[in-house]
Amino acid sequence: MITKPTTTESLMSSTPSATLCPNCEASLVGEYCHQCGQQVIAPHHYALGHFLKHALHDLTHFDSKIFRSLFPLVFKPGFLTAQYLAGRQKSYIKPITMFVLVNLVFFLVVHRMGMLNWTMTGVTRGPHGVFAKRLVAEKIAAQQVSPEAFETRFNQVLRYNQKSMFFFLIPLFAVALKGFYLRQRRYYVEHLIFSIHFHSYYLIFVVIGMPLLMLVLGVFDLAFGTILARTFGNDPYILVPLLLGMMVYLFLGLRRVQRQSFLVTSVKTLLLTIGEFALIALVIQPILFFMTYFAV
């Protein structure tokens, strides 16, 4: 009489061999595959209790990595990059994961705060401005709409496209770092890691640090009758705290990772800050303009 195999027997028979990894079929030594990291699956792994236990562990472990990573990201410039390059990576969020999370929070919050919202006027400035304005005029005529209606539509699409700004800026800034540190003979990806950490910090600074700074200045104004919050909370003086927040962090981070002298690091910090704004004006704004122009 032929008996139907049980569920457990079916699961066991579905694996290639007890001595081979079920994922990549490499020879097994121990509970985890040395080649792909797959755990050897046993029947009890499909029990509900075991599943929930591991799901809870994954969630809490990821949460602990977030909190363990955010503090050094904000208050210890260059620390996460130095740890990553030294091979100590398991205790912290991977750089790209951190940036995606911070970027998500940034763009869920920043538009509601009215910060960094460019308009058609903003992205048609610069060397490409004359050509951009001519293209806009031609499209307005072709679509037979009013300039106001076209600009409204353009700004709506631009607001969406602006979310990709840092995805262009980060690798370009890493190229600049590579150029400034050619003698260090570091791989491009090492500079890319620093760029990811630096811009992740800066997003947090803009979203959280700047409002906190304005709150502190507001309390100071009430106590001493000054107008610091109104002055540094509006254009053009808002650039002062934004630049200081960028340059101080960049200087300390470069000192920790690159280990060059105070003077050399100071000069490179100044030049890289200028380079950041040049990249935004000469590369990012034109990219965003053309991305938006061809979408409206």
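The values are calculated or read from the model by the stated rules, or taken from the named source; none is laboratory data. The structure displayed is predicted, hence computed values, not measured ones. A quick note on method: Cβ atoms are made from the backbone with ideal geometry, for glycine too, and the neighbour counts reach across all protein chains shown. Heavy atoms of the whole protein, side chains included, go into the accessibility calculation; ligands, DNA and RNA do not. Shrake-Rupley method; radii C 1.70, N 1.55, O 1.52, S 1.80 Å.
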Exercise. Take the residues in segment 81-93 that are closer than 15 Å to Arg259 by Cα and part of a helix (DSSP H, G or I), then tell me which one is least open to solvent (accessible area, probe 1.4 Å).
Key: Thr81
Quiz prompt | Filter result for Leu271 (under 21 Å from the mean Cα position of the chain (by Cα) and either surrounded by 17 or more Cβ atoms within 10 Å (Cβ to Cβ) or modelled with pLDDT of 95 or more (or both)) | solution = no
Quiz item: Somewhere in segment 262-277, is a residue within 23 Å of Thr119 (Cβ to Cβ), touching a Leu at 6+ places or on another chain (Cβ under 7 Å) and part of a helix (DSSP H, G or I)?
Solution: no
Quiz item: Quick one: which of Leu213, Leu242 is open to solvent by less than 50 Å² (accessible area, probe 1.4 Å) and in contact with a helix residue (DSSP H, G or I) (Cβ under 9 Å, 6 or more places away or on another chain)?
Solution: Leu242
Self-check item: Unique residue being exposed (fewer than 15 other Cβ atoms within 10 Å of the Cβ) and within 18 Å of the chain's Cα centre (by Cα) when the list is Ile208, Ile227
Solution: Ile208
Practice problem: Just name the residue that is surrounded by the fewest Cβ atoms within 10 Å (Cβ to Cβ) out of those in segment 245-268 that are closer than 18 Å to Gly179 by Cβ and of a type in the set (S, T, N, Q). | Solution: Ser266
Quiz item: Out of curiosity, is Leu73 in contact with a Lys or Arg (Cβ under 9 Å, 6 or more places away or on another chain) and in contact (Cβ under 8 Å) with a residue 60 or more places away in the chain?
Solution: no
